[in-house]
Amino acid sequence: MSITAMESLLSSSRIRLDDLDSAGQSLCFIIDQSRQPEALKRLYGLGHPLDQHNLFLGTEFAALADKGPIWISAPETAELKALAAELCQQRNAGICLLTRDVQQALKHARWLLKTNDGSGGQSLLSYYRASLWAALVTAAERPSAHLLGPWTSVFSPAPRHFGDGNGDWIAWPASEEPLAPTAYAMHFNLPPETAARQGHFGWLYWLDEEYTAFGSPETRSLPSIIDHLELLARHGIHQARHLRELAALLTGPPLEDSPDAMAILASDLLAYQKTDQLKKLTAAAPLREQDNWNHHGIR
């Protein structure tokens, strides 16, 4: 995996929303209902004025609206703002942003949903998920005007257990002036490196959520663990419950150095059968501590 990209993400500038100086701009939130199905119930439950829009409505994805992302325009109360931020942070289910023009910002949020994916076709882009947003921004040398549009800054949830702990959000400020509406292409063009980076960052955020299950790993061990996760996924083991059962194996020495482990992975067994066989292998020959097998040198 790309160690430079991982180090760059973990060393990115972080903030606390309470310390944010919006300079007269509006702070808006995008929350993924597929990860926070109770979001609207909780937000309306506060009994405060709420200006919300389902981003899928009015688009070709309207049939998926019940699980689609919701846009929260400039919460009027501190309680509403705090809850919207909490919903984004939990399960890395959203992002927030600053804008000088809420209506144009909302329009951009809908435009960004569909991307030219590099295959000759288009795909739905769940850019409001922390790992994918980080991949989109870092796949280019700097955030493009097409990506941020009228958003002057975007803030995505930071990993809680890895990297600089001073702040809950990674700040992604715009580096270019916003494009005029007439300068927009029909669809956003996905940067070529996005998929690979999303794969790595997706594992990073998943490990952050599964931190305790994996024995509270140190940041320097992440590349090794992610290499193992990707190896297992390539051999059909990718369900979270199977991966949790193999935490001891995944935090151990390189699997490529174990002929028995590689033979199991290369077999025609089903995923749960491979998992059972690998667990037995681990129990029969306990692996050394993960810190003795940091073969990438990330700090």
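Tell me, please, whether a residue that is touching a residue at least 24 places away in the same chain (Cβ under 8 Å), in a helix (DSSP H, G or I) and within 25 Å of GLU60 (Cβ to Cβ) can be found in segment 151-168.
no
Within segment 45-81, how many residues are touching a Phe, Trp or Tyr at 6+ places or on another chain (Cβ under 7 Å), part of a loop (DSSP other than H, G, I, E, B) and either among the small types (Gly, Ala, Ser) or surrounded by 18 or more Cβ atoms within 10 Å (Cβ to Cβ) (or both)?
In the first step, residues of segment 45-81 are kept if they are touching a Phe, Trp or Tyr at 6+ places or on another chain (Cβ under 7 Å); the result is 50, 52-53, 55, 62, 64-65, 68-69, 72.
Next, from what is left, pick out any that are part of a loop (DSSP other than H, G, I, E, B): 50, 55, 68.
Of the ones still in play, those that are also either among the small types (Gly, Ala, Ser) or surrounded by 18 or more Cβ atoms within 10 Å (Cβ to Cβ) (or both) are 55, 68.
Of the residues in that region, 2 qualify.
For (1) without any contact (Cβ under 8 Å) to a residue 40 or more places away in the chain; (2) under 20 Å from LEU136 (Cβ atoms), each residue gets a yes or a no:
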| position | (1), (2) |
| --- | --- |
| GLN25 | no, no |
| LYS41 | yes, no |
| LEU55 | no, yes |
| ASP66 | yes, no |
| SER73 | no, no |
| THR77 | yes, no |
| ILE95 | no, yes |
| ASP101 | no, no |
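Report, by residue number, each residue of segment 11-42 that is more than 24 Å from LEU125 (Cβ to Cβ) and part of a helix (DSSP H, G or I).
Within segment 11-42, LEU17, ASP18, ASP19, LYS41, ARG42 qualify.
Among the candidates LEU147, LEU231, LEU249, single out the residue that is part of a helix (DSSP H, G or I) and in the same structural domain as ALA85 (by TED's automatic domain parsing).
Checking each option against the conditions leaves just LEU147.
Of these, GLN36, GLN52, GLN89, GLN25, which one is touching a Pro at 6+ places or on another chain (Cβ under 8 Å), of a type in the set (S, T, N, Q) and at negative phi?
Just one listed residue meets the conditions, GLN89.
The values are calculated or read from the model by the stated rules, or taken from the named source; none is laboratory data. Here the structure is a predicted model, which is why all the values come from computation and not from measurement. Neighbour counts are summed over all protein chains in view; Cβ atoms, including those assigned to glycine, are modelled from backbone coordinates with ideal geometry.
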